[in-house]
Amino acid sequence: MEGPLRTPALVIAVALAACSSHPARSVAIGLAGPFSQARGASMLRAAQLAVNQINARHGVRGRPLELRVADDSGSEDTAVRVAERLYADPSVVAVVGHLSSGPSIAAARVYGAGPSPVAMISPSASSPDLSALSPWVFRVCPSDLQHGPELAHFAWQTLGARRAGIIYINNDYGRGVRGTFAAEFTRLGGAVVEADPYVAATPSLEPYLSRMRRAGIDVLLVAGERPGAELALREMAALGVRWPVLGGDALTGIEADGALAEGMRISSAYLPDRRDERNAAFVADYARAYPGLRPDHRGAGAYDAVLLLARAVERAGADRQAVRDYLARVGRGREQFDGVTGPIAFDANGDVRGKSVVIGVVHDGALVTQAER
């Protein structure tokens, strides 16, 4: 654990040092996420990799690109303060962020308001409530309207499950995955036997798990974040239950828990074993820059967002309105952007069109495409 945690700290220090000089001719992009937390590390590393590659090719319009890094701690209140600071910086032409749904929704209301709004591209916020929230808000990942149903189909068709239990974190993300999974699983003919909420401070999920064992479930969906899933897995082991466990993309990173998470299935818009030349080059470049590490969906989405914004500035100019107008037409009268996460084309709601969700499985400490096992 120590190696990967030292790397993000070093990158943050380098990024902040670069930001403090504010070169007069640089083009600035805000980068907002929970960078003091492990889940934000890949996003920060990949965004910095993209900036380094762009600057190695002479920047945008001959000007260096720089990141204005702002840590929102994964908190909605902090995200609002971060958004206010980035909004007030006239040199920031656009923002990549925020990482999760709650902070993204809170910050989006800041970015899209006032006399000089600024475009925001989230790499991984999946709540349906982000759709059409503002004409200045975009995302490069699918919403929970894709994640929940895909997990439900996998549970029904591949696992043969007919009775599901759900434990969900009581926020926009958890409620979104719970709702879309339950609706599709029920439509297919299954039954959601129990759906129980938790918060980050919940000390034990054992009462929920014990009730589910008595009721008789054959699959468990954890629509939450990594700490909650780890708690559920430990308490399942203590109870001696061995249900298949599914989760959404917020559980990415749990593969590092090894045997505890072995066999978990996780939905994601991106896995690093995606087979195409562009992604293979990205994964190789990432490994060279950060030895021993692989990107996740948060990092890949941030990498694509930075490259897309660089293209927007290159073609439309370093002006907030021009950048937003460029983004709004990507895939709608303007060519799509081919990223490491796949083609990016935005619909009228700022959502990415046509992005599919894949199911990964934790195997030997890695999250790999289900078919690759």
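The values are calculated or read from the model by the stated rules, or taken from the named source; none is laboratory data. Predicted model, so just to flag it, every value in this text is computed and none were measured. Quick reminder, even Gly has a Cβ in these numbers, built from the backbone with ideal geometry, and neighbours come from all protein chains shown.
Residue count for region 84-101 satisfying the condition of being under 22 Å from L251 (Cβ atoms) and without any contact (Cβ under 8 Å) to a residue 12 or more places away in the chain: 0.
Of a type in the set (V, I, T) and either under 29 Å from M236 (Cα atoms) or touching a His at 6+ places or on another chain (Cβ under 6 Å) (or both): does that describe I167? Yes, satisfied. Restricting attention to region 207-241, the residues that are in contact with a strand residue (DSSP E or B) (Cβ under 9 Å, 6 or more places away or on another chain) and without any contact (Cβ under 8 Å) to a residue 24 or more places away in the chain total 2. For region 343-353, the candidate set comprises residues that are surrounded by fewer than 17 Cβ atoms within 10 Å (Cβ to Cβ) and within 17 Å of the chain's Cα centre (by Cα); within that set, the residue that is farthest from S104 (Cα to Cα) is P343. Taken residue by residue, region 222-229 has at least one member that is in contact with a Leu (Cβ under 6 Å, 6 or more places away or on another chain), crowded, with 23+ Cβ neighbours inside 10 Å and closer than 23 Å to Q37 by Cβ.
Any residue at all in region 51-71 that is closer than 18 Å to W136 by Cβ and either touching a residue at least 12 places away in the same chain (Cβ under 8 Å) or not aliphatic (A, V, I, L, M) (or both)? Yes, region 51-71 has at least one match.
Here the condition is being surrounded by 18 or more Cβ atoms within 10 Å (Cβ to Cβ), touching a helix residue (DSSP H, G or I) at 6+ places or on another chain (Cβ under 8 Å) and modelled with pLDDT under 95; of V357, V340, it holds for V357 alone.
For region 179-206, which positions are under 12 Å from G224 (Cβ atoms) and either in contact with an Asp or Glu (Cβ under 6 Å, 6 or more places away or on another chain) or part of a loop (DSSP other than H, G, I, E, B) (or both)? The answer is V199, A200, T202, L205. Set side by side, the residues A152, A161 differ, and just one is part of a helix (DSSP H, G or I), crowded, with 20+ Cβ neighbours inside 10 Å, outside the structural domain of A302 (by TED's automatic domain parsing) and of a type outside the set (F, W, Y), which is A152.
Selection of region 286-308 for residues being out of contact with any helix residue (DSSP H, G or I) (no Cβ under 7 Å at 6 or more places or on another chain) and closer than 24 Å to L133 by Cβ yields G301, D304, A305, L308. Residue-level analysis places S134 outside the set of residues that are surrounded by 17 or more Cβ atoms within 10 Å (Cβ to Cβ), in contact with a Lys or Arg (Cβ under 9 Å, 6 or more places away or on another chain), assigned to a loop (DSSP other than H, G, I, E, B) and at pLDDT below 95. When region 114-131 is filtered for residues that are modelled with pLDDT under 95 and over 20 Å from S268 (Cα atoms), only G114 remains.
May I ask you to list the residues in region 155-213 that are of a type in the set (F, W, Y) and under 13 Å from G248 (Cβ atoms)?
Answer for region 155-213, where residues must be of a type in the set (F, W, Y) and under 13 Å from G248 (Cβ atoms): Y168, Y173, F181.
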